[in-house]
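First the structure, in the form of C-alpha cells, and then the observations on it.
The values are calculated or read from the model by the stated rules, or taken from the named source; none is laboratory data. The model shown is predicted, which means the values in this text are computed figures rather than measured ones. Please note: Cβ atoms are built from the backbone with ideal geometry, for glycine as well, and neighbour counts cover all protein chains shown. To get the accessible areas, we keep the full protein, side chains included, count just its heavy atoms, and leave off ligands, DNA and RNA. Shrake-Rupley method; radii C 1.70, N 1.55, O 1.52, S 1.80 Å.
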Amino acid sequence: MTTGDWHIPPGLLERYLDGSLDPVGVMSVEAHLVRCARCRTAVPADGGWLATSWERIAAEVAAPAPPLTERLLHGAGVPGHLARLLAATPALSRAWAAAVAVALGFAVAAAHLAGHGFLAFLTLAPVLPTAGIALAYGRRIDPAHETYAATPMAGAPLLLVRSTAVLLTALALTALAVPLLPAATMPSVAWAWLLPALTTTSGCLALATRVPLPLAAVALGGGWVAVVTGVGAVTGDRTLPFRPGAQVLYGCAVALLTLVLYVRRHRLDPAEPR
Amino acid sequence: MTPTVTVRGLRKRYGHTAVLDGLDIAFGAGVTGLLGPNGAGKTTLLRCLATTLAPDAGELRVLGLDPATASGRTGVRRRLGYLPQDPGFYPHFTVFETLDYVAILKEMTDRRERHREVTRVLAEVGLADRARTKVRKLSGGMRQRLALAQALLDEPDLLVLDEPTVGLDPEQRLRLRALVSRLGESRTVLLSTHQTEDVAALCERVVVMDGGRILFDGTPAGLAAVAAGRVSLGDHRPGPGALFWRTADGRYRTIGDTPADAVPAEPTVEDGYLLLVGRTQEAA
Ligand SMILES: Nc1ncnc2c1ncn2[C@@H]1O[C@H](COP(=O)(O)OP(=O)(O)OP(=O)(O)O)[C@@H](O)[C@H]1O
Ligand SMILES: [Mg+2]
C-alpha cells in the first residue's frame, strides 16, 4: 500500500486520540503514521498529551490483576467496582472461611453419627453469616474504618456490600456441604437452613440499626439457637422449626426485616448519634 | 467570602469530660493550622467536621451542608478528603489496591478513570514506584504518605488533615508543604500539627486550642507577637521557675520575664504558643 493516496479519516483519528479505538485499529493507525508525515502532523505530540498517555500506561501496569473471585463476580454481571468491594471484604480471609468449613465439617459428621444429627447442621448454618458480618465491619474490627467512614459509601452501603459478600460465601460453603449429608435427609430437609439463614442475616442487620453490630449478631445467632432448641424441648418435636409451616414464617420475616432495614438504613451511619 | 466551614456552639463530651465546650469558629479557603497540647480536642473537632463523629450539641455547616442529616453527610463526604490521625490499612493490600479501594468508596466507578486518579495521587506523594508493594512492607513515613494520598483522591474541595507531617523525613515534609500550600490556593485545608515550624511556613491562619476552647485565632506572625518582649538571650543561667534552654552556641534562651543580664530576642511562633498554653496550665 502506498501512503500517497490514503490518509487517516478524521473520525478514526479522533477515536485513536481519545483512546477508544480497539487494539487492531490502533496498530493499523500507528503503522500508517510511521510512513505518513502528513498524518503525523495531525497527531498532537505535545507534552500534555504524551504525559496523559504515559500516565494511562503507568496506571494499567501498576494495577494488579484482579483475583479469581473478583473475575468470577464480574463475569456473572456484577459491575467491576462492586466486584472489587465484594471480593476484598476483610472477613473473607482464609481464617474465617476455614472456621466455617470446619464447623460445617463437624455438623456433617454429627449428621452421620446420630439419628437426628442433621439437626445440628440445620441449626448451625444460619449462625454462620451473622458471625461473619460481625467480623466484617466496624470500628473495632476494621483498621481502616475511620478512613472509610468519611467516604460517601460509609455506613449502610459499605456494610451491605460486605454483608452480601459474607452471606454469599456462607451460603456457598453450606450448599457445598449439603451433598455430604446422609442420604436419608435428602432432599426435603437438606435445604431447610436456607430461609432461616436469610432470616438471621436480615434480622442482624435490622437490629444493628438500633444496637451495635456485634451485639446484634450475638442476639440473632444466639437467639436462633435458643428458639430452635426451646421449641424442640417444649413441643417434643425437634424438626418443627424446619417444617414447611415454619418456612412460611421465615419467608415473611425476611420480607419484613428487609423492609425495616431499608427504612432505617441511615441509622447504620458511623456519625449517626445513638 | 462565605466560609467553607462554620461551627456554632459545638459540644462533645466523653463521660464527664467536656472535650469540646461550646466551640464557635469558621474556616474559609486557604490553609489553617490547629495547634494545641495532647488532649486539647483537635482530633475531636476534625472528626466532627469529617463526619465520622456525631457531636452532642451545636450547629455545623460544612460546604453549605448540614452533617446532622444523612443527605448532608453524604454530600460533605463527596467533596471531602480526610487524613485521620491514626489511619489503619489492610497489610495484605498493595499500595495501589489500598488507594483503588478508597477510590471506589469515593464513588469513582469508572475503572480507567479511577486507576488514572490513583496513579496521579501516588505521584503527588512520591510513591509511584511503590504501587505494587504490600502495605506491610512500607516504612512508617511511607504509610503516612499513603494515608495522605487517599485523602487527595478525587480532588476534594475540603481537606481535613490530622497531623499530616508525623513521621515524614525533612525532604518529604518540604514536599508536603509545597503540596498543601498549592492546594490551599483554591481549597480549604484544615490541618492539626505539633510542628510550629509547619504552621509558620505554611498556614496563613493558626488556631490554638486547649481544653476544648480556642485560646488564639490569628496569623502565625500574630502568634509570634504574643511573645514580643518575653523572649531573651543571656550568657548566664536564669533562676528557677523560668522556662529556658541552652542554645547550640552556649547561651540561654528564656521565655517569660527577661533575666537581668539578657537581651531581647526575636520571638517565634513556638514562643507564642508556649506562652499561651503555659499560661492556661498555670491557671488550671
Ligand atoms: N473515644 C474516646 N473515648 C473517650 N475519650 C476520648 C475518646 N477520644 C478522645 N477522648 C478524649 O478526648 C480528649 C481530646 O482528645 P483529642 O484526640 O481530640 O485530642 P487532640 O487534641 O487531638 O490530642 P493529640 O494532640 O494527642 O492528638 C482527650 O482527653 C481524650 O482522652
Ligand atoms: Mg489528635
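Annotations for the structure displayed:
- Efficiency of FRET between A:Val227 and B:His236 - r from beta-carbon atoms, R0 51 angstrom, step 0.05: 0.05
- Local net charge near B:Thr94, Cβ-Cβ under 11 Å (Lys/Arg +1, Asp/Glu -1): +3
- Rg and Dmax of chain A, Cα atoms only, in Å: 27.2, 94
- Degrees separating the helix A:47-62 axis from the principal Cα axis of chain A, which is the longest one: 30 degrees
- Nearest-10 value in Å² for the accessible area of A:Trp6, using the 1.4 Å probe: 110 Å²
- Average projection, convex hull of the Cα set of the stretch B:224-283: 4.0 square nanometres.
- Between the amide H of B:Thr188 and those of B:Gly30, B:Leu159, distances stay under 5 Å, these residues lying 5 or more places away or on another chain, with hydrogens modeled in the peptide plane.
- Pair-distance profile P(r), taking every C-alpha pair of the stretch B:1-114, with 10 angstrom steps and integer %: 12, 38, 32, 16, 2, 0
- Cysteine residues of the protein assembly as shown whose C-beta has no other cysteine C-beta under 4.7 angstrom: A:Cys204, A:Cys252, B:Cys48, B:Cys203.
- Overall form of the stretch B:110-247 per C-alpha gyration tensor (a/c, 1.5; a/b vs b/c): prolate
- Within the stretch B:84-136, the trypsin sites (Lys or Arg not before Pro) that combine a DSSP coil assignment with at most 16 other C-beta atoms in a 10 angstrom radius are B:Arg132.
- Reference-scaled alpha-carbon Rg (2.2 N^0.38 Å with N residues) for chain B: 1.11
- Solvent-accessible area lost in complex, 30 Å² minimum, residues of the stretch B:18-54 relative to chain alone, 1.4 Å: B:Arg47, B:Thr52, B:Ala54
- Candidate cross-link partners of B:Lys12 among the lysines, defined by an alpha-carbon separation under 22 Å and a same-chain spacing of 8 or more, comprise B:Lys42.
- Computed from label points 7 Å out along Cα-Cβ, the spacing between B:Asp129 and A:Glu30 is 2.6 nm.
- Computed FRET value (nearest 0.05) for B:Asp66 with A:Leu259, which takes r as the C-beta separation and R₀ as 25 Å: 0.35
- B:His194-B:Asn38 pseudo-label distance in nm [points 7 Å out on the Cα-to-Cβ vector]: 0.6 nm
- Highest-fluctuation residue, B:Pro220, B:Pro67, B:Pro238 considered, GNM on chain B with Cα pairs under 10 Å: B:Pro238
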